[in-house]
Amino acid sequence: MARFEISTEYLKRFLVDLLNTPSPTGDTEYAISLVQGELESFGVPTERTRKGALLAHLEGLRDDSPRALTAHVDTLGAVVQRIKPSGRLQLSALNGLMWPSVESEGLSIMTRSGRQIRGSLVLANGAAHVNKKAATEERNHESMEVRLDERTSSAEETRLLGVDVGDYIHFDPRCETGDSGFIRSRFLDDKACVACAVAAVKALVDGGVTCAQTTTLLISNFEEVGHGGMDGLPDRLAELLVLDMACIGEGLQGDEFHCSICVKDSAGPYSKNLSDNLRALADRIGIDLRADVYPYYSSDGTAYWRSGGRAEVALIGPGVDTSHGYERTHIDALLDTSQLVADYLSE
């Protein structure tokens, strides 16, 4: 049986707050501050890295095999690449953004002055009554544009609003929850796992339990572009447990209702010994942990290893449907993930 009680109400509330706090890669200050404030409210000491990631320090009963836990707060997004002669904006995607999935989405342009300008992403010349190819035209960074909710019809007028190349785009997350337990939102990757990590730490603190080993929690902020996983982690780590969303798709065992463990992704296998230990722990505490191989996937664990990290690395996370699109998971998967993390840290 599991040793800790994870608060469903707390987990859901914190996740919704985090989802509604924008944090595209490179512009994560607000979300990092939210997580930092939450952990410090539990009495957990934190610090920032020079790159802006968050480190939390959890005392351990022992320090002979120190551990780390990581999840990333940065999400997909975009920046302004060009102000078009029409006054509309061409964007450059931050890593794996799928353009069709954000067509017609509301967004905010974050200007350097701090002003937020609303708009939406639409197909250029997208009127079906004018362009007979509107339904079939390929959606990409050249065919899509930001339509500003301001009276502007030239590049000069748009610049007078304070908009410039490099301004960040915050897409609306459209987060919804319901009585059925589903949570539907953009950017569950990887805010769902950040919430699971925080909820697990809260369960240990509330239960007066000290981690078995000295543990560092890294909330990374550059995972989506491949260099978040080593930031500030101690050199002498023995184990690194990565929390990242679990893939759902044809041929995979995972689903929205369970925690999954990734035994191999596109970069290669994770540590067999640590993965087997986590699977055995899940069996003992009654969690149906689903093992899968992810064919097109990488994580902060890979970034850690490629940066010279020597610890064993394993990866778990809640099942998330339609990754890098309009995503969905279920509270059962979040609770199982939090539960497994809490029990792992205490053993």
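The values are calculated or read from the model by the stated rules, or taken from the named source; none is laboratory data. Source: prediction; values computed, not measured. Here the Cβ is made from the backbone with ideal geometry for all residues, glycine too, and neighbour counts use every protein chain on show. All accessible areas refer to the heavy atoms of the entire protein, side chains included, with ligands and DNA or RNA removed. Shrake-Rupley method; radii C 1.70, N 1.55, O 1.52, S 1.80 Å.
Here is a list: Asp167, Asp172, Asp231. Which entry is among the acidic types (Asp, Glu) and either in contact with a helix residue (DSSP H, G or I) (Cβ under 7 Å, 6 or more places away or on another chain) or open to solvent by less than 20 Å² (accessible area, probe 1.4 Å) (or both)?
Within the list Asp167, Asp172, Asp231, the selection yields Asp167.
Looking for something within 21 Å of Gly26 (Cβ to Cβ), among the polar types (S, T, N, Q) and either part of a strand (DSSP E or B) or at pLDDT below 95 (or both) - is there at least one such residue anywhere in the range 117-137?
Looking for residues that are within 21 Å of Gly26 (Cβ to Cβ), among the polar types (S, T, N, Q) and either part of a strand (DSSP E or B) or at pLDDT below 95 (or both), one finds none in the range 117-137, hence no.
Do we have any residue at all in the range 32-53 that's part of a strand (DSSP E or B), crowded, with 20+ Cβ neighbours inside 10 Å and touching a residue at least 60 places away in the same chain (Cβ under 8 Å)?
Checked the range 32-53: no residue is part of a strand (DSSP E or B), crowded, with 20+ Cβ neighbours inside 10 Å and touching a residue at least 60 places away in the same chain (Cβ under 8 Å).
So Glu156 fits all but one of (1) surrounded by fewer than 20 Cβ atoms within 10 Å (Cβ to Cβ); (2) at positive phi; what number is the exception?
Answer for Glu156: the failing condition is (2).
Anything in the range 178-200 that is crowded, with 24+ Cβ neighbours inside 10 Å and over 18 Å from Asp74 (Cα atoms)? List them, or say none.
Ile183, Ala199, Ala200
Could you check the range 235-347 for helices (runs of 4 or more DSSP H) lying wholly inside it with 3 or more residues that are buried (at least 17 other Cβ atoms within 10 Å of the Cβ) and of a type in the set (Ser, Thr, Tyr)?
Where helices (runs of 4 or more DSSP H) fall fully within the range 235-347 and carry at least 3 residues being buried (at least 17 other Cβ atoms within 10 Å of the Cβ) and of a type in the set (Ser, Thr, Tyr), they are 331-346.
Looking at the range 178-218, which of the residues that are under 29 Å from Gly96 (Cβ atoms) and in a loop (DSSP other than H, G, I, E, B) is nearest to the chain's Cα centre (by Cα)?
Phe187
Which members of the range 262-286 meet the condition of being more than 16 Å from Leu345 (Cα to Cα) and not acidic (Asp, Glu)?
Cys262, Val263, Lys264, Ser266, Ala267, Gly268, Pro269, Tyr270, Ser271, Lys272, Asn273, Gly286
Could you check how many residues of the range 204-228 are open to solvent by 10 Å² or more (accessible area, probe 1.4 Å) and small (Gly, Ala, Ser)?
Qualifying residue count, the range 204-228: 3.
If you take the residues in the range 105-144 that are within 25 Å of the chain's Cα centre (by Cα), of a type in the set (S, T, N, Q) and open to solvent by less than 90 Å² (accessible area, probe 1.4 Å), which one is farthest from Asp172 (Cα to Cα)?
Asn140
Output the qualifying pairs, or none if there are none: Cβ atoms under 8 angstrom, residues six or more apart or on different chains, first residue in the range 322-345 and closer than 22 Å to Gly249 by Cβ, second residue open to solvent by 40 Å² or more (accessible area, probe 1.4 Å) and of a type in the set (Ser, Thr, Tyr).
Sorted first by the residue in the range 322-345, then by its partner, the pairs are Arg328/Thr322; Ile331/Thr8.
Can you list residue pairs whose Cβ atoms sit under 7 Å apart, with the first residue in the range 95-121 being among the aromatic types (Phe, Trp, Tyr) and the second being assigned to a strand (DSSP E or B)? Count only pairs 6 or more apart in sequence or on different chains.
Hits for this filter: Trp99/Met144.
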